[in-house]
Amino acid sequence: MGLLSKKDTKLITDPLSDNNPITVQVLGICSALAITAELEASVVMSVSVLFVMGVGNVVISMIRNIVPSKIRIIVQLTVIATLVIIVDLVLKAFAYELSKTLSVFIGLIITNCIIMGRFEAFALGNGLWRSFLDGIGNAFGYAVILIIVGFFRELLGSGTLWGIPVLGDPIDKTGLYAFGYENNGFMLLSPMALIVVGIIIWVQRARSKHLIEE
Amino acid sequence: MEHIELFFKSVFIDNMVFATFLGMCSYLAVSKKVSTAIGLGAAVTFVLAITVPLNWLLDQYILQDGALVWLHPSLIDYNLSFLSFILFIATIATMVQLVEIIVEKFSPSLYNSLGIFLPLIAVNCAILGGSLFMQSREIETIQLATTYGVGSGFGFFLAILAIAAIREKIRYSSIPGPLRGLGITFIITGLMAIGFMSFGGMLTGGDEAPSNLENEKEEISKNIKIEDNDNIVYSNIDLN
Amino acid sequence: MAINTEKNSYTLMFAIGLVVIVGTLLAAVDSSLKDKIRVNKLLEKQQNILYAIGINENEGNSVSFISAEKAEQEFQKYITKQIYIQNNNVVEDDNAYLIDVKKEKALAKDPNYSRKLPLFIAEKDEKMLYVAPIRGKGLWDAIWAYVSMDEDMIIQGIYFDHKAETPGLGANIKQRFFMDDFIGEALLDSNGNFKGVNVSKTNLDPKNIDKYDNEVDAIAGSTITGDGVTAMIRSDLSLYQSYFNNIKNN
């Protein structure tokens, strides 16, 4: 891609692995875990965060030179809150069923540390295009973790993916269930999300030894 | 008593950290010591106890559907709930600033121990989460909202204190490299959350069928009038 | 640009400017989407009520409402009359399905207030069906349902929903295996007394063959949600009994 220089591409690829917002920067955990019982919810949450981070980073970058430092944090919060409210209203209008599951957690995107974290660390000091890339890069990193957790939790917890049964029918006992396989209902409970993320961190650090803490 | 039940529910069953994982970001990344955990927990409880009732007032008199009716009866159709997020955050940010100034002025020692956490708290998921859950669960009175705020804060406090204590202890265990630090903390928190789920049995929950059911039925049955265009027909009903 | 961003006056102006821009933007988005959101809520109610009377697109073992496009039409076709009962009066009201059961319950705490009890009357396959909305408390938050009955108060269909029950446990009240169990269950006993339906763990009839035992099998791990369902049926549906007695006597 001629559009992105090597440095720019790094802005997108770093958060996908070495600088992942959830597993390395330890940000954005809150809203991530409670809603990942279904793959669809994880994806919708990821897209919402992508929108807020992409647009948010651009807006903050645009006004970075005219924001009075005294109210910097409040301005950032206002920008995020506005974008989140827009996302919430759009969801209620076009995906009503889903908006009911995500309700409170969409609001929690506002305090999602990733967004404020990237505003402070990057958008406040960098140009529009690079801020945009940084924003969507981190959003992708967040999305990757959410989708992996959502995938396993839904598959092992209810035997479906995106609401479609893939292992057979648990009531009619077809497919895998004919052999005595049962859904692991535990996976649907939120503590398992933490444990799955813990395992992802384990795997990631085993592969990238430089991330191991002392 | 409703308050006691709500308090226990928000500390053990609806625990901010173990049931909904709010407020963990800053904590996990920053501290591994019990002393800092106590500081953060106290600060969060304090802020929650103040902001949840304040936001309840906001919700009741400004944000809810038709809430503006106290200003002028014609305003009943206005629904400002889409401003909830912004107004809640604004109150929280303002309250935290105010609290910081007041604490600094009146109790420098308290300020020194709580001090660094206060700015962090304004953006802590747990604080906004407390207000949002209060709104979503439609808590009915301001006293209940305060109990909910204090309970949630205390639950948070308990949770991070426990995690910090465990993290301090496991520093001397031989954990495999890749799991060390963050990984094992996640897994331990997950296990603790599972443990806390056992408190679910404490709840009386659900609804008790009303004891005045018989009286209510009698009242309704005594006279049922059916309007049928021009004819009004009376009938007396005996339930048995 | 030599703007001194540190001056207080500048800060104030910036803040005011920000509030104005944000306020306008949000108000614009809200008013443009408001109607669509309202329609979504209405549609959902219609789909739920239609589901309770058996108009749906269920396939296999999953719950599937009639599609949004067809909902309004089917609703007009099958629901012949909407009424609510208040203060011993029966009032016809085409928007009875919009009555907020939650608000009514809250208002009813005042002993001087007489609760509005909505009832939707449908005609399907030459049978008269009566759908009532009921509401109660589950483990975490509210649960509610639309129950359709015939004039003998035998359940013909039911749809449950909840706000925050545990997925895989309490949330399973929305599953076919639970809801279908209620079909054909009698709410009254042989003497005509209201007994409701008990979601019971000690149920001796797991395949639910006996429809006159006033019991259905509970969901494992969802005791409190199940108790909430039992209580909700008992407290809300019993209020309609006199209406049905009246219909039969006339």
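Using only protein heavy atoms and a 1.4 Å probe, how much accessible area in total is buried between A and C, to the nearest 100 Å²?
2300
Taking loop as defined by DSSP and a crowding limit of 14 other beta carbons within 10 Å, which trypsin sites (Lys or Arg not before Pro) in segment A:115-214 fit?
Numbers: sites: A:118, A:130, A:153, A:173, A:205, A:207, A:209; in loops: A:173.
Counting only loop positions with at most 14 other Cβ atoms within 10 Å, the trypsin sites (Lys or Arg not before Pro) in segment A:115-214 are A:173.
Work out the mean other chain Cβ neighbour count within 10 Å for the residues of C:131-139 and drop it here as an integer.
2
Measuring with a 1.4 Å probe in the full set of protein chains, what accessible area per residue, in whole Å², belongs to segment B:123-167?
Roughly 27 Å² per residue, with all protein chains present.
Within chain C, which is the longest segment containing none of the chymotrypsin sites (Phe, Trp or Tyr not before Pro) that sit in a DSSP loop and have at most 15 other Cβ atoms within 10 Å?
Longest run free of exposed loop sites: C:1-112.
How much length, in nm to one decimal, is gained on full extension between residue C:39 and residue C:12, taken as 0.36 nm per residue of separation minus their Cα-Cα distance?
Fully extending the segment from residue C:39 to residue C:12 adds 5.7 nm.
At most 13 other Cβ atoms within 10 Å plus a DSSP loop assignment makes a site exposed; report the longest stretch of chain C without any exposed GluC sites (Glu not before Pro).
The reported range is C:127-250.
Would you kindly work out the equivalent ellipsoid of segment A:3-108 from its C-alpha gyration tensor and give its semi-axes, the square roots of five times the eigenvalues, largest first in whole Å?
Value: 25, 20, 14 Å, ordered largest first.
In whole percent, and with a 1.4 Å probe on the protein chains, what portion of the accessible area of the protein assembly as shown is carbon and sulfur?
Reported share for carbon and sulfur atoms: 60 percent.
Let's test the formula: R0 of 56 Å, r as the Cβ-Cβ distance of residue B:104 and residue C:69. What FRET efficiency results, to the nearest 0.05?
Efficiency, from the Cβ-Cβ distance: 0.35.
Between segment B:1-55 and segment C:75-126, how far is it from one alpha carbon centroid to the other, in angstrom?
Using only Cα atoms to place each centre, the spacing works out to 42 Å.
Using unit Cβ charges (K, R positive; D, E negative) and no other charged atoms, how large, in debye to the nearest 20, is the dipole of segment A:111-214 about its Cα centre?
Here the size comes out at about 280 debye.
Please sort by residue number the trypsin sites (Lys or Arg not before Pro) in segment C:180-246 whose DSSP state is loop and whose Cβ has at most 16 other Cβ atoms within 10 Å.
Counting only loop positions with at most 16 other Cβ atoms within 10 Å, the trypsin sites (Lys or Arg not before Pro) in segment C:180-246 are C:201, C:207.
For a 29 Å ceiling on Cα separation, which of these pairs sit above it: C:109/C:201; B:9/B:33; B:105/B:169; C:103/C:127; C:70/C:248?
Beyond 29 Å between Cα atoms: C:109/C:201; B:105/B:169; C:103/C:127; C:70/C:248.
How big is the B-A contact in terms of buried accessible area, both chains counted, 1.4 Å probe, rounded to the nearest 100 Å²?
Values: alone 14660 and 11450 Å², together 22690 Å².
Buried surface at the B/A interface: approximately 3400 Å².
Of C:36/C:124; A:70/C:7; A:92/C:41; C:102/C:163, which pairs sit farther than 19 Å apart, going by alpha carbon to alpha carbon?
Values: C:36/C:124 30 Å; A:70/C:7 10 Å; A:92/C:41 9 Å; C:102/C:163 13 Å.
Flagged as over cut-off: C:36/C:124.
Note down the magnitude of the dipole of segment C:47-143 about its Cα centre, charges +1 on Lys and Arg C-beta and -1 on Asp and Glu C-beta and zero elsewhere, to the nearest 20 debye.
So the dipole magnitude of segment C:47-143 works out to roughly 560 debye.
How high is the relative contact order of chain C? Use alpha-carbon pairs under 8 Å, at least six apart in sequence, and give a whole percent.
Computed value for chain C: 13 percent relative contact order.
Between the DSSP loop rule and a limit of at most 15 other Cβ atoms within 10 Å, which GluC sites (Glu not before Pro) in segment A:97-190 are left? If you can, show how the numbers build up before the last one.
On the way: sites: A:97, A:120, A:154, A:182; in loops: A:182.
For GluC sites (Glu not before Pro) across segment A:97-190 that sit outside H, G, I, E and B with at most 15 neighbouring Cβ atoms in 10 Å, the list reads A:182.
Given points 7 Å out from each Cα along the Cα-Cβ axis, report the residue A:95 to residue A:161 separation in nanometres with one decimal.
1.8
Quickly work out the residue A:147-to-residue B:32 label distance, labels modelled 7 Å from Cα along the C-beta direction, and quote it in nm with one decimal.
3.3
When the helices in chain C are scored as -39500 (n - 2.57) per DSSP H run of 4 or longer and the sum is shared across all residues, what 222 nm value do you end up with, to the nearest 500 deg cm²/dmol?
Taking each H run of at least 4 residues, the total per residue is -11000 deg cm²/dmol.
Taking the convex hull of the Cα atoms, report for the protein assembly as shown its projected area averaged over all directions, in nm². Please list the in-between numbers first.
Working: hull surface 145.4 nm².
Average of the hull's projected areas for the protein assembly as shown equals 36.3 nm².
What number, in percent, do you get for the relative contact order of segment A:37-164 if the mean sequence gap of Cα pairs under 8 Å and at least 6 apart is divided by its residue count?
So the answer I get is 50 percent.
Let's see if you can work this out: charge +1 on each Lys and Arg Cβ, -1 on each Asp and Glu Cβ, no other charges. What is the dipole magnitude of the protein assembly as shown about its Cα centre, in debye to the nearest 20?
Computed about the Cα centre, the dipole is about 3460 debye.
The values are calculated or read from the model by the stated rules, or taken from the named source; none is laboratory data. Remember, it's a predicted structure, so these values are computed and weren't measured experimentally. With ideal geometry, Cβ positions are generated from the backbone for all residues, glycine too; neighbour counts draw on all protein chains shown. SASA here: full protein model, heavy atoms, side chains in, ligands and nucleic acids out. Shrake-Rupley method; radii C 1.70, N 1.55, O 1.52, S 1.80 Å.
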